Amino acid sequence: MPDIGNKILQLREQLNHHNHQYYVLNDPEISDYEFDQLLQELIKLEQQHPEFYDANSPSQRVGSDINKEFEQVKHVYPMLSLGNTYNEDEIADFYGRVSKQLMDESFEIVCELKYDGTAIGLTYKKGQLVRAVTRGDGVQGDDVTANVKTIKSIPLALKGDYPDSFEIRGEIFLPHEGFKRLNEMRIQDGDSPFANPRNAAAGSLKMQNSAQVAKRPLDCFLYYMLGENLPDNMHSANLDKARTWGFKIPEHIKVCKNISEVLDFISYWDNERHNLPYDIDGIVLKVNNIDQQRSLGFTAKSPRWAISYKFKAEQGYTKLKSVTYQVGRTGAVTPVANLDPVFLAGTTVQRASLHNADIINSLDLHEGDMVYVEKGGEIIPKIVGVDESVRQPASVKIEFIEFCPECNTKLIRIEGEAAHYCPNTDTCAPQVKGRIEHFIARKAMNIDGLGSETIDLLYKNGFIKDVADLYQLHPMQLSGLDRMGDKSADNILKGLEASKEVNFARVLFALGIRYVGETVAKKLASAFKNIDDLMQASLEELVNVDEIGERIALSVTDFFSQEKNIGLIEKLKLAGLQFKLSDEEQASHSTKLDGLSFVVSGSFTSFSRDELKGLIEKNGGKNVSGVSSKTNYLVAGDKIGPSKLAKAEKLNVSIISEDDFKKMIE
Ligand code: IVH
């Protein structure tokens, strides 16, 4: 029935148009009631005619009741963060660096607001939204497409002359009004309110039920486009274009010709931000010209062509009630300040981290002091100053404790380190439990059903003393615990069984060796391939691995020099954990490009730039973004950035073609 098909298409078009008018342009043309009538009509027709199903129909924005875990998706372009600056001097430094690297070429800086929400990458193919992925760890994130589709200001289908395939990134946030409404509803429902709009936005996006997400008044600004065929060579022009395709592109953007225009923009918004209907926490500065962006490149963490300026944090003024001490998994003892509650940047603050003894001393903290607290970005608040003018003359200076508050062992301080440690690694409870908690964490062994409360109970009952004991647990020991049913116990056992498949790199990370985080664990696993070779590795062999410095190497050799750790690994081996790379992991790696670093620039015929970079890594090489004297090869494609080429020539870096490269890995 072509009539029905046409009717459905027409309704979808109408609804898309009205969504855009309402949510992007703030200019509705019809009433909510009329909109709802159209939507109901569409839903009915689609139900009667499932042959016209379309994943991007506006009817799909209501979400689905199906619960689902998120799939992890690798970002096509890594999702990096921005370097921070806090004052005019640092902005001037950034300006100077850019200017120098561009060899005094003139450049424009685009100033944008820095939206305080949660980052999202949207991929469009042939004008259709195909995927929405969170930042995750920057390399891969959660596929939250179903949830993102419920955000009405995000177009599901584009209009106009968009490129065939591209990614656009932005920030999902909750405006103040929506935040207030949401929290009122939560309080009514007996749920605890969200602390601030950012938490609420991030939390909403991660809900497992998109029908629930649809009820949250989320919004999204887009600010960065990526792809091989962008319409323009200027970032600002691309955003203008994207606006015509239906995206909500922020209005408050300024293309600045010089640093004084940048500083004006910053100081204007430092005041004016309080009048915006949503939170911003700073200003983002971006080099406008994309060729120039390319030639500036990236550091490991962030682009060299962009930076953020963070507004000064709000300060609170309150009374220090006491200082208590926490012992972490590594035995480090952290002092915590307990404060009279004070409202600060959206939340009530009662505790602040004091980091270490030096900080306490440099603040010259006394009991009962009136102190200034700040939230450094989003992390735990810290004490930034003391009001000495109101200090009671008899008040006692705060001295760091000498004995562990948990096990009473005398604390030690390692030369050159700021922290105090409890050396009783074997029986100091928070250390033992902390190591086990780290081991079972999602990014480590990811043991389903097991949480810190259960660990606590198992430990108290004497069932576990180290991570290897987890694999010896008897079902009865679990089901006999307080508030633990047979089903939960079974779940834990299944989780433990499944963890035997977790790959070597994650097992290595799970061991909790100091300074061996996720990335370092991956590097060590692929360099040494199995635990035995890693255990035998000398300091020299370790520091020869790319990005492994002496501090990490020392910590690794120290860990493996301890009898008890060797014993632990033996027990874990017997339990069946993975202590070597899998055959597939081995097969997909070669060492042809070991120790060589590459810069890839331009476009290629047999693969995309990212495929090429992937090949470099698979063969043991390293991708770097900018040409330097340490670069071994510049792989030059079509339309290669002229400044890269010039720099490579100047520094005598070998410039190779796509074909040359293919020969290298043959
Ligand atoms: S551009 C490679 N523009 O701030 C550059 N980011 O720490 C990508 N953010 O991850 C980011 N407003 O979540 C950019 N106008 C804006 C932004 C913005 C907020 C967030 C974003 C990013 C983080 C950087």
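If you rank E437, E417 by fewest surrounding Cβ atoms within 10 Å, what's the result? The partial results should precede the final answer.
Values: E437 19, E417 11.
Taking fewest neighbouring Cβ atoms as first place, the list is E417, E437.
At an R0 of 25 angstrom, the distance between the Cβ atoms of Y268 and A92 translates into a FRET efficiency of 0.85. Calculation over all alpha carbon pairs of the chain in 20 angstrom steps from 0 returns a P(r) of 14, 43, 38, 5, 0 percent. Computed from label points 7 Å out along Cα-Cβ, the spacing between V255 and D161 is 1.7 nm. Tell me, what is the FRET efficiency for F343 and A237 to the nearest 0.05, using R0 = 30 angstrom and their Cβ-Cβ distance as r? Once rounded, the FRET efficiency stands at 0.10. Return the subset of K622/K650; K592/K630; K382/K494 for which the Cα-Cα distance in this structure is over 30 Å, preserving the input order. Violating the 30 Å limit, Cα to Cα: K382/K494.
What dipole magnitude, in Debye to the nearest 20, does the chain give about its Cα centre under +1 on Lys/Arg Cβ and -1 on Asp/Glu Cβ? The partial results should precede the final answer.
Working: 78 positive and 97 negative charges, 104 e Å.
With Lys and Arg at +1 and Asp and Glu at -1, about 500 debye.
Computed from point charges on the beta carbon alone (+1 for Lys and Arg, -1 for Asp and Glu), the dipole magnitude for the stretch 60-193 about its Cα centre is near 700 Debye.
Give me the dipole magnitude in Debye, nearest 20, for the stretch 448-597 about the Cα centre, with unit charges on the beta carbon: positive for Lys and Arg, negative for Asp and Glu. Don't skip to the answer; put the middle values down first.
On the way: 17 positive and 25 negative charges, 50 e Å.
Dipole about the Cα centre, nearest 20: 240 debye.
Note on the stretch 151-258: dipole from Cβ charges, positive end direction compared against P193, G160, P231; the farthest Cα belongs to P193.
Near the amide H of K114, within less than 5 Å, lie the amide hydrogens of D281, G282, I283, V284, all on another chain or at least 5 residues away, with H placed in the peptide plane. Residue by residue, the stretch 626-634 carries 3J(HN,Hα) couplings of x, 6, 9, 5, 8, 6, 8, 9, 10 Hz when phi is fed to the Karplus relation 6.51 cos²θ - 1.76 cosθ + 1.60 (θ = phi - 60°); x denotes Gly or Pro.
Could you tell me which of rounded, prolate or oblate describes the stretch 221-281, using a ≥ b ≥ c as the square roots of the eigenvalues of the alpha-carbon gyration tensor, with rounded for a/c under 1.5 and, failing that, prolate when a/b is larger than b/c and oblate otherwise? The shape class here is oblate. Listed by Cβ neighbour count within 10 Å, with the fewest neighbours leading, C256, C422 appear as C256, C422. A simple spin-label model places pseudo-atoms 7 Å from Cα toward Cβ; at K639 and Y33 they are separated by 5.3 nm. Straight-line cross-link reach from K580 at under 20 Å between alpha-carbon atoms covers these lysines, not counting any fewer than eight positions away in the same chain: K443, K500, K522, K523, K529, K571, K618. Sequentially through the stretch 211-221, phi angles give Karplus couplings (6.51, -1.76, 1.60; θ = phi - 60°) of 5, 6, 4, 4, 7, 8, x, 6, 9, 8, 9 Hz, Gly and Pro residues having no value and appearing as x.
Just add up the charged neighbours of S606: K/R +1, D/E -1, any other residue whose Cβ is under 15 Å from the Cβ of S606.
Around S606, the surrounding residues sum to -4.
The lysine pair tally for the stretch 145-264, using Cα distances under 29 Å and a gap of 8 or more places or different chains, is 26.
Out of P175, A429, L593, whose Cα points farthest toward the positive end of the dipole of the chain (charges: +1 Lys, Arg; -1 Asp, Glu; placed on Cβ)? Going by the charge dipole, the pick is L593.
What's the exposure ranking of C220, C428, going from fewest to most Cβ atoms within 10 Å?
Values: C220 24, C428 19.
Fewest-to-most ranking of C220, C428: C428, C220.
The amide H of Q140, built 1.01 Å from its N in the peptide plane, has H75 as neighbours under 5 Å, considering only residues 5 or more places off or on other chains.
A short reminder: the numbers here are calculations on the coordinates, not readings from a lab. Only a predicted model underlies this, so the values are computations on that prediction, with no experimental measurement involved. Note: ideal-geometry Cβ built from the backbone for every residue, glycine included; neighbour counts use all protein chains shown.
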